[in-house]
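These notes are about the structure you will find just below.
What follows draws every value from the coordinates through simple rules; no lab data is involved. Here the structure is a predicted model, which is why all the values come from computation and not from measurement. Note that we place each Cβ from the backbone using ideal geometry, even for glycine, and neighbour counts take in every protein chain shown.
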Amino acid sequence: MYTGHSLYLNSKKIKIESRSLLLNELKIKINTMTNNVYKLLDDVKDFIRSGDFTNTVSFGDITDVDLDKTTIFPLAHMNIENAVINEATIEFNLNILCMDILDENNLQVDEYDYFYGNGNLQDILNNQLSVLQRIHANLSRGSLRDSLLQTDESLTAEPFKDRFANTLAGWSCTLSLVVPNEVTKGDGGEDDDC
């Protein structure tokens, strides 16, 4: 049997729970309006991870790339260069580096191949370029096309070698990606003035 005091406490609990639910709904609404960065990065990260030639995907400044012996290569590293906010869209410039450790074999001089060399440079360039080709193809006509729109029809990739302390080689590129701007004037607050 409830007493007057416990009914009062239960009504306070119900009010607190309903306020909590309203706050959670508000948080969900805010997160769905402003999750453009998360969605962009997660979609590209998940797509890169699904391929055969990348073991690790990282994000951040280029100086944040984990170059220790603990990184499981091949590595794809992403960084957002900038974002241009328009009324209906947001255009992101996303830098992607696809790389692997360069391995120089120590073969005898008479076994040296002057075209291919004694390392895996051409293997790395071939495999890591295919990562960028998959991204480009899927942005143009595949699974990434549903959520991201690429603004440029072509992709320019630049090869690099020995760019980092532990002798890495691969490709770097900048993708220009457009996502819908889901924040509208009506989402601004009480008076709806942005």
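In nm, to one decimal, how far is the Leu41 label point from the Ser176 one, both placed 7 Å along Cα→Cβ?
Taking the simple label geometry, Leu41 and Ser176 are separated by 2.4 nm.
Could you give the Stokes-Einstein D for the range 36-185 in µm² per second, using the C-alpha Kirkwood radius, 37 °C, 0.692 mPa s?
Stokes-Einstein gives a translational diffusion coefficient of 198 µm²/s.
Please give the residues of the range 143-183, grouped as numeric ranges, whose backbone N is less than 17 Å from a label point set 7 Å along the Cα-to-Cβ vector of Glu87.
Backbone N within reach: 180-183.
Which order do the peptides 93-101, 160-168 take when ranked by the mean count of other beta-carbon atoms within 10 Å per residue, highest first?
93-101, 160-168
Ranked highest first by the average count of other Cβ atoms within 10 Å around their residues, in what order do 57-63, 43-49 fall?
The packing order, highest mean first, is 43-49, 57-63.
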